[in-house]
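Student: Input: one structure, supplied below.
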Amino acid sequence: MKNEIAILAAAGKGERLRPITLKTPKPLVKVHGKTMIETIIAALEKRGVKKIYVIVGYLKEQFSFLPEKYPNLVLVENKEYDVKNNLASLHTVIDYMGKENCFICDADLYIPDPQVFCMDFDCSCGFGKMVEGHSDDWLYISDENDRITAIRKGGDDAYNLCDVTYLTKEDAKTLADAVDAAYKKEGSEKLFWDQILGDSLNDIYLKVHPVESDRITEIDSFDELKAIDPSYAE
């Protein structure tokens, strides 16, 4: 077992996947018979991550089966999920950050291949998919050495965020301190934690870790869900 932790952000309402998410939190929507969050957990367990913290909020009671099924998993409640962006979610777990190397993942990802995390990382990295041409999504701007110099929305021929970040314990502590400072400022309810990471890139050496487009999938609409799991078309 690796001396690492993982943080899974599962507090949001998943409004873009309505009406399914009116009664089911998006991370618990099943794809090919398995909840999305459990495909992430399977990949983390395959790597040997020792502790998994799942941040819950919306329909939190539906996640109660997870600690029973996965003894190394702990639920952490974000009581501000409906009034603040995901900076508040990460703030709930800053006390756990900076003691071990750390994965931070959105919990609404579908990971069909549990081997996707099974490699050695020589520094902190952001998982990214190369998108040729223009993209309106969040993406990494990097230099010739693949060091990430900016995180922004919209650009051309760039790595789009896969919503998976791996941080050394030193960089996780740097981010935790930055998140804490940002959370205490006026207007923090509008912030995403990725923005704080982007503002900390002078202090955090973050590289792009390229992944193939089908190894980590964010499902943002019912049409995308049907495309991946045709059973929903029925």
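Student: How long are the three semi-axes of the equivalent ellipsoid of the stretch 116-214, in whole Å, if each is the root of 5 times an eigenvalue of the C-alpha gyration tensor, listed from largest down?
Tutor: Ellipsoid semi-axes (Å, largest first): 22, 17, 11.
Student: A further question follows. For a 22 Å ceiling on Cα separation, which of these pairs sit above it: 23/190; 79/184; 46/169; 23/51; 129/190; 23/129?
Tutor: Among 23/190; 79/184; 46/169; 23/51; 129/190; 23/129, the Cα-Cα distance tops 22 Å for 23/190; 23/51; 129/190; 23/129.
Student: Rounded to a whole number, what % of the accessible area of the stretch 186-234 do carbon and sulfur atoms account for, probe 1.4 Å?
Tutor: Carbon and sulfur together cover 44 percent of it.
Student: For residue 5, tell me the accessible area in Å² from a 1.4 Å probe, rounded to the nearest 10.
Tutor: For residue 5, the solvent-accessible surface is approximately 10 Å².
Student: Can you give the accessible area of residue 199 in Å² (nearest 10), computed on protein heavy atoms with a 1.4 Å probe?
Tutor: Around 130 Å² of this residue is reachable by solvent.
Student: Return the loop-located trypsin sites (Lys or Arg not before Pro) in the stretch 9-92 (DSSP other than H, G, I, E, B) with at most 16 other Cβ atoms within 10 Å of their own Cβ; answer none if there are none.
Tutor: Of the trypsin sites (Lys or Arg not before Pro), the ones in loops of the stretch 9-92 whose Cβ has at most 16 other Cβ atoms within 10 Å are 13, 23, 79.
Student: Can you work out D for the chain in µm² s⁻¹ from Stokes-Einstein, where Rh is the Kirkwood radius over C-alpha pairs, the temperature is 25 °C and the viscosity is 0.890 mPa s?
Tutor: 137 µm²/s
Student: Rounded to the nearest whole Å², what accessible area per residue is found for the stretch 113-234 with the 1.4 Å probe?
Tutor: Accessible surface, normalised per residue, equals 53 Å².
Student: With a 1.4 Å probe and all protein chains left in place, how much of the accessible area of the stretch 1-112 comes from carbon and sulfur atoms, in whole percent?
Tutor: 48 percent
Student: Then there's this: Rounded to the nearest 0.05, what FRET efficiency do residue 13 and residue 34 give with R0 = 25 Å and r taken as the Cβ-Cβ distance? Could you check?
Tutor: 0.70
Student: So if we plug the beta-carbon distance of residue 220 and residue 121 into 1/(1 + (r/R0)^6) with R0 = 35 Å, what FRET efficiency do we get, rounded to 0.05?
Tutor: 0.80
Student: Would you mind counting up the charge near residue 189? Only other residues with Cβ under 14 Å from its Cβ, with Lys and Arg at +1 and Asp and Glu at -1.
Tutor: +2
Student: Shape verdict for the stretch 145-199, please, from the Cα gyration tensor: rounded (a/c under 1.5), prolate (a/b greater than b/c) or oblate.
Tutor: oblate
Student: Something else about it: Would you mind getting the accessible area per residue of the stretch 59-110, heavy atoms of the protein chains only, 1.4 Å probe, in Å²?
Tutor: Heavy-atom SASA per residue in the stretch 59-110 reads 46 Å².
Student: In addition: Where the centroid of each part is defined by its Cα atoms, how far is the stretch 78-96 from the stretch 173-211 in Å?
Tutor: 13 Å
Student: Along Cα→Cβ, 7 Å out, is where each label goes; now give me the distance between the ones at residue 233 and residue 180 in nm to one decimal.
Tutor: Label-label distance for residue 233 and residue 180, simple model: 5.2 nm.
The values are calculated or read from the model by the stated rules, or taken from the named source; none is laboratory data. Predicted model, so just to flag it, every value in this text is computed and none were measured. Please note: Cβ atoms are built from the backbone with ideal geometry, for glycine as well, and neighbour counts cover all protein chains shown. We work out accessible area using only protein heavy atoms, side chains counted, and drop any ligands, DNA or RNA first. Shrake-Rupley method; radii C 1.70, N 1.55, O 1.52, S 1.80 Å.
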